Structures are given as structure tokens and as C-alpha cells.
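Let me begin by presenting the structure, written as C-alpha cells, before commenting on it.
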């Protein structure tokens, strides 16, 4: 039981007594009841083994969209319990379980399969639980609105994951989602735009700076090179060089320039492979950055020092 009261408002005494059983705070000097009916938010019991905990718990796991019934559904008996019954009762419960599965709706059956695929792709891409939860929510809404009809389940799952990544600013490219899900990049992009439009989901454009850390880690570049790349991107945004261009391409080009400035040479092929773009894209963005931001002087200084 916690209280924010530091002293008695009547006499100013710091000697306070907290009665946890009655939920009261009493001044020891003047006897004033400073607070009453306090709520105790601390744990009321402890468990020392799983059986002990199960007998004391009064609630289940929290609700989650990553399960088809949001984690609040019930199931007719557990297998361990069923085998303790007699043959007649056991057969009865097995029939009930079978009919419970059969009468599940088409949406529930779809969600069972789709959410398993969603978890697999999220695990492959090492996405945080918040992104997985958001993607499951988006997919559930899409199924309830009938947006999955006429589209493959895998493409809608990939589109929901991409939308969730964009909303939580977790940098993942369409190429990565395509590789993880086995769906073409264009199909994922088309489904993503359709789902976000129909569900009214507002998503801001990707920030190229979000990709710098991942690309730099893959290329094994120093922290100074990363910081310089972010500075170059800030200057490029002020000069309006990033509008209308792919965020991965401009981020990779900024990292390539920064690596040259700090003497950490990486080929355009290496940078392009990590970013999932072509060498031509890196070359074009690289030329634009050099011309508009006057970065040639810094690169020349690095070469002279050597």
C-alpha cells in the first residue's frame, strides 16, 4: 500500500502511521485520520508452484488479437481432465469438443490459420510484440469487414504486418516482407494500400533515418559514420532531396557518402545489397547528395589525409 502523503496537514508532523488492515493513514501526534479507504495494489498472494498458482488465480491471460478468440474463449475440457472420466462420459465430452470446433464461424477458422502465419512471418523478421499485436488487430478488422475476399490470406497478412511496422516506425522493407512471406513485392504493396484505405488507417511517410542503424550494423560501420549519415539526411530533407524518392535508397546513399568521408570504404554493390535497391539507385542518389550539399570537399579532405 503506497501513499504520497509526507506530513500531517493539521499539525505538520512527519510521524504517520499506515494501518494496512483498515486502509488508513493516521497522524501519531494529533490523531487525525489523514486518509481512509485506501486501495492496496500490492500482490495479495504468492505462488510457489504451478498447482498452487492455478488454485489461487481468479483471472486468465490478458486479451490479445494474436489469438482468434482474443484469448477469452473457452474449450470443452482439457485432455488431461477427460482421461480421468469414465468411458461413457469421456466419449460424450469428446463429441462436445468435436462439435465445438465444427460450429466455429468462417471468420474464426480464417483467423486460426492467418494468425499462425502472421506469427511465423513476425518471428522470421524479428518484429517486437507490439508490432505483432497491431498487425493482428489490423488483420482481424480486415476479415470482419470482408476485405480478405478475392485476396490470398498470405498477402493480407503481409500487408497488415507492413502497415503495423510503418505505424510503429519499425523499419522493414517490402523486399524483406516479400522474402519472409513468399508473396510478390507488388502484391504486398497493393494489398497494404487497399487495407489501409478501407480501414481509414493514417500512416505517415517513412523516415529514411530509421533505416540507418540497421544498414550500418549490416555493413559494420562505426557510430561516427552513422551520426554523419543522419546529419546528411537532415540536410537532404531541408534541401527537399528526399521527397518523391524511396527512403531506403536515400538512406543507403547517405550512409555510403558518410563511409567515404570517414575512410570506411564500402562498395556500391555492398550497400545496395544491404538496402535491397539497385546500384544505379545508389549512384543516382549519391550524385544528387554530392551536387546539392557540396560534400565533395569533405571526401577530398579524407583522401588527402591518407
* Asked: Is there a residue being outside the structural domain of residue 142 (by TED's automatic domain parsing), in a helix (DSSP H, G or I), without any contact (Cβ under 8 Å) to a residue 40 or more places away in the chain and more than 19 Å from residue 174 (Cβ to Cβ) anywhere in the range 241-250?
  -> no
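Taking the conditions exactly as written (outside the structural domain of residue 245 (by TED's automatic domain parsing), part of a helix (DSSP H, G or I) and closer than 19 Å to residue 63 by Cα), does residue 134 satisfy them or not?
Working: outside the structural domain of residue 245 (by TED's automatic domain parsing): yes; part of a helix (DSSP H, G or I): yes; closer than 19 Å to residue 63 by Cα: yes.
Spelling it out, residue 134 is indeed outside the structural domain of residue 245 (by TED's automatic domain parsing), part of a helix (DSSP H, G or I) and closer than 19 Å to residue 63 by Cα.
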* Unique residue being outside the structural domain of residue 249 (by TED's automatic domain parsing), in a loop (DSSP other than H, G, I, E, B) and modelled with pLDDT of 90 or more when the list is 126, 186 -> 126
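Could you say which residue among 253, 180 is assigned to a helix (DSSP H, G or I), closer than 28 Å to residue 124 by Cα and not assigned by TED's automatic domain parsing to the domain that holds residue 291? If you could, list the steps in order and put the result at the bottom.
Working: 253 fails: not assigned by TED's automatic domain parsing to the domain that holds residue 291.
180 is the lone residue from the list that is assigned to a helix (DSSP H, G or I), closer than 28 Å to residue 124 by Cα and not assigned by TED's automatic domain parsing to the domain that holds residue 291.
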* Within the range 91-123, count every residue that is at pLDDT 90 or above and not in a helix (DSSP H, G or I). => 0
* Taking the range 123-142 only, how many residues are under 20 Å from residue 203 (Cα atoms) and either under 13 Å from the mean Cα position of the chain (by Cα) or surrounded by fewer than 20 Cβ atoms within 10 Å (Cβ to Cβ) (or both)? -> 13
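Being closer than 30 Å to residue 117 by Cα, touching a helix residue (DSSP H, G or I) at 6+ places or on another chain (Cβ under 9 Å) and surrounded by fewer than 14 Cβ atoms within 10 Å (Cβ to Cβ) is true for just one of 199, 204, 177. Which residue is that?
Numbers: 199 fails: surrounded by fewer than 14 Cβ atoms within 10 Å (Cβ to Cβ); 177 fails: surrounded by fewer than 14 Cβ atoms within 10 Å (Cβ to Cβ).
None of the others qualify; the one that does is 204.
The values are calculated or read from the model by the stated rules, or taken from the named source; none is laboratory data. For clarity, every value in this text was computed on a predicted model and none was experimentally measured. For neighbour counting, all protein chains shown are included, and Cβ atoms are generated from backbone atoms with ideal geometry for every residue, glycine included.
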